[in-house]
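Trainee: The structure follows.
The values are calculated or read from the model by the stated rules, or taken from the named source; none is laboratory data. Predicted model, so just to flag it, every value in this text is computed and none were measured. Heads up, the Cβs are rebuilt from the backbone with ideal geometry, glycines too, and the neighbour counts pull from every protein chain shown. Heads up: the accessible areas ignore ligands, DNA and RNA and are worked out on the full protein's heavy atoms, side chains in. Shrake-Rupley method; radii C 1.70, N 1.55, O 1.52, S 1.80 Å.
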Amino acid sequence: MPIMTLRPILIHPDPRLKKVADPIAEVSAEIRKQADDMLETMYDAPGIGLAAPQIGVLNRLIVMDAQRDPEAKPAPMVLINPEVIWESDEKNVYEEGCLSIPEQYAEVARPKLVRVRWLDVDGKTVEEQFDGLWATCVQHEIDHLNGTLFIDYLKPLKRQMITRKMQKYKRERARG
Ligand code: NI
């Protein structure tokens, strides 16, 4: 049994959530440990996706499991250096949330289908097409690697409102 560690999730606004993360040069034991920790942290939250910058690690690793059927087996995925290599013109709108922006949701339009290439935990190149919630999730998480949050797609007023709520949330949390 690998020993997994829950990692604290950064809450917006935080400068680390606005940085472009670095590519991972080698899929080492340390990277695999990071992936295990991130999956544990994501399931614990609970959430359907988590990107390394959200735990303050500025490398290009995301985890996700958009399997929503509680009867189905978990479908954890680890994507290292993921890249969107094709996207459909057709868009899909989902009400998105983010573990770094708790309890705030908004509709975002994104390509309905995307083809993504990444390295798996064995360092092997994988390519897959995503649809539905999986497609939204993988695009949302890849955005995190480029310092983009889902609220960046909203109108400035709505974005500022959410940011102010998060500032208040963080102040209250700090006071205990
Ligand atoms: Ni997010």
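Trainee: How far apart, in nm, are the 7 Å Cα→Cβ label points at Asn146 and Leu10?
Mentor: Once both label points are built, they end up 1.8 nm from each other.
Trainee: List the residues, sorted by chain then number, that are 5 or more residues from Gln104 or on another chain and whose placed amide H is less than 5 Å from its amide H.
Mentor: HN-HN under 5 Å from Gln104: Cys98.
Trainee: In addition: Starting from the 7 Å offset along Cα-to-Cβ, what nm value, one decimal, do you get for the label separation of Glu95 and Val121?
Mentor: Calculated label separation equals 3.3 nm.
Trainee: Short version: ³J(HN,Hα) in whole Hz for each residue of the stretch 134-147, in order, from phi by Karplus 6.51 cos²θ - 1.76 cosθ + 1.60 (θ = phi - 60°), x for Gly and Pro, what are they?
Mentor: Once rounded to whole Hz, the list reads 4, 5, 4, 4, 5, 5, 4, 6, 4, 3, 4, 5, 10, x.
Trainee: OK, next. Rounded to the nearest 20 debye, what is the charge dipole size of the stretch 38-176 about its Cα centre when +1 sits on each Lys and Arg Cβ and -1 on each Asp and Glu Cβ?
Mentor: Value, rounded to 20: 960 debye.
Trainee: Percent antiparallel among DSSP beta bridges with both residues in the stretch 15-175, to the nearest 5?
Mentor: Numbers: 25 of 26 bridges.
Counting only bridges with both partners in the stretch 15-175, antiparallel ones make up about 95 percent.
Trainee: Of all the accessible heavy-atom surface of the chain, with the other protein chains kept in place and a 1.4 Å probe, what percent is carbon and sulfur?
Mentor: 51 percent
Trainee: Shifting gears a bit: Under a 1.4 Å probe, what is the accessible area of the chain per residue, stated in Å²? Each step should come with its number before you reach the end.
Mentor: Values: 9790 Å² over 176 residues.
Per-residue accessible area for the chain comes out at 56 Å².
Trainee: Rounded, prolate or oblate, given the Cα gyration tensor of the chain, with a/c below 1.5 counting as rounded?
Mentor: It is oblate, given that a/c is not under 1.5 and a/b is not larger than b/c.
Trainee: While we're here: Step through the table entries Lys33/Lys165; Lys91/Lys168; Lys73/Lys124; Lys91/Lys170, compare each Cα-Cα distance with 29 Å, and write down the pairs that go over it.
Mentor: Lys33/Lys165; Lys91/Lys168; Lys91/Lys170
Trainee: Report the Cα centroid-to-centroid distance between the stretch 79-152 and the stretch 1-48 in angstrom, as an integer.
Mentor: About 16 Å separates the Cα centre of the stretch 79-152 from the one of the stretch 1-48.
Trainee: From Cα pairs below 8 angstrom and at least 6 apart in sequence, can you work out the relative contact order of the chain, rounded to a whole percent?
Mentor: 24 percent
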